[in-house]
Amino acid sequence: MCGRFALQTDLSEIIERFQIQEVACAYQPCDNIYPGQPIAAVIHDRINRLVAFQWGLIPFWAKNPTGSHKLINARAETVATKPSFKNAFQRHRCLIVADGFYEWQKTGDHKKKPWFIHLRSGAPCGFAGVFDTWVSPGGKEIRSCGIITTRANELVSPIHERMPVIISRPAAAGWLDKGVQDRDQLLALLRPYPAEEMACRIRYPAPLPKVVDIFDNNINADEVSPRK
């Protein structure tokens, strides 16, 4: 799964990389983004727009928003068929902007080591996402999203069995295009990102999660390879 990620890239670089033509949110960089927070995402609505979604999908048909914390991720293998995601997959796709994501590796003694996994180039990337709009009986709207995950590549698999789908720059326009409805074409994009184009290093998110004793005493390190 993907439960924490970071985005600290300057807004001007995000605008250039994702060809943003309208910024429709208050951009707030953060080193420790977790479910329930507003997160920056790219959608295509005639133009590429940078918007904010609550992380944790609330399907439009949900009776109430209380279960959103359970829908932070959608599996690539079932996103096109599960009731919670299939409508959004066909009609409401987005790119969730990130510098990279965190995964925790068990090290024994009930402790875990935090790995920060990112593009080797250091550039921000776009996680494949789906979004929806839920409207309360009183008319209040909540726009929310979930991150699509796939099986881990060779770099990530020693740490965790899953990773977020990263959409390559050439594939981004097709992923965002509402007119693309071919299920097989879309599913073909939901593959593990090439391991040789990624890197990882030990890095603690700031601020630390409340349960700080899940970590061991490793400090941030240069780029290294994880070991089981």
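Quick check on my filter: what residues within the stretch 1-58 are among the acidic types (Asp, Glu) and within 15 Å of the chain's Cα centre (by Cα)? Steps first, answer last, please.
Our first condition is that a residue be among the acidic types (Asp, Glu); within the stretch 1-58, this holds for 10, 13, 16, 22, 31, 45.
Selection gives Asp31 alone.
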**OP:** Return only the number of the condition from (1) free of Cβ contacts under 8 Å to residues at least 24 places away in the same chain; (2) touching a Ser or Thr at 6+ places or on another chain (Cβ under 7 Å) that Lys113 does not satisfy.
**Re:** (1)
Original post:
So which residues in the stretch 106-155 are crowded, with 22+ Cβ neighbours inside 10 Å, within 18 Å of Leu189 (Cβ to Cβ) and hydrophobic (A, V, I, L, M, F, W, C)?
Top reply: Cys125, Phe127, Ala128, Val130, Cys145, Ile147, Ile148
**OP:** Give the residues of the stretch 83-99 that are touching a strand residue (DSSP E or B) at 6+ places or on another chain (Cβ under 7 Å) and either of a type in the set (D, E, K, R) or at positive phi (or both), sorted by residue number.
**Re:** Arg93, Asp99
Subject >> Extreme residue, farthest from Val97 (Cα to Cα), among residues of the stretch 66-83 that are buried (at least 16 other Cβ atoms within 10 Å of the Cβ) and out of contact with any Lys or Arg (no Cβ under 9 Å at 6 or more places or on another chain) >> reply: Ser68
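Yes/no per residue for (1) of a type in the set (Ser, Thr, Tyr); (2) surrounded by fewer than 21 Cβ atoms within 10 Å (Cβ to Cβ); (3) closer than 21 Å to Gly174 by Cα:
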position	(1), (2), (3)
Arg46	no, yes, yes
Phe60	no, yes, no
Gln90	no, yes, yes
Leu95	no, no, yes
Tyr102	yes, no, no
Original post:
If Gln185 satisfies every condition in (1) surrounded by fewer than 20 Cβ atoms within 10 Å (Cβ to Cβ); (2) touching a Cys at 6+ places or on another chain (Cβ under 6 Å); (3) farther than 15 Å from Phe5 by Cα but one, which is the exception?
Top reply: (2)
**OP:** Specify which of the listed residues (Ala40, Ala26) is part of a loop (DSSP other than H, G, I, E, B), among the aliphatic types (A, V, I, L, M) and more than 25 Å from Gly138 (Cα to Cα).
**Re:** Ala26
Original post:
Does at least one position in the stretch 20-28 carry a residue that is over 24 Å from Arg203 (Cβ atoms), out of contact with any His (no Cβ under 8 Å at 6 or more places or on another chain) and buried (at least 22 other Cβ atoms within 10 Å of the Cβ)?
Top reply: no
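Any read-out appearing in this document is the output of simple, stated calculations on the displayed coordinates, not a laboratory observation. Just so you know, these numbers come straight off a predicted model, no measurement behind them. Cβ atoms come from the backbone with ideal geometry, glycine included; neighbour counts cover every protein chain shown.
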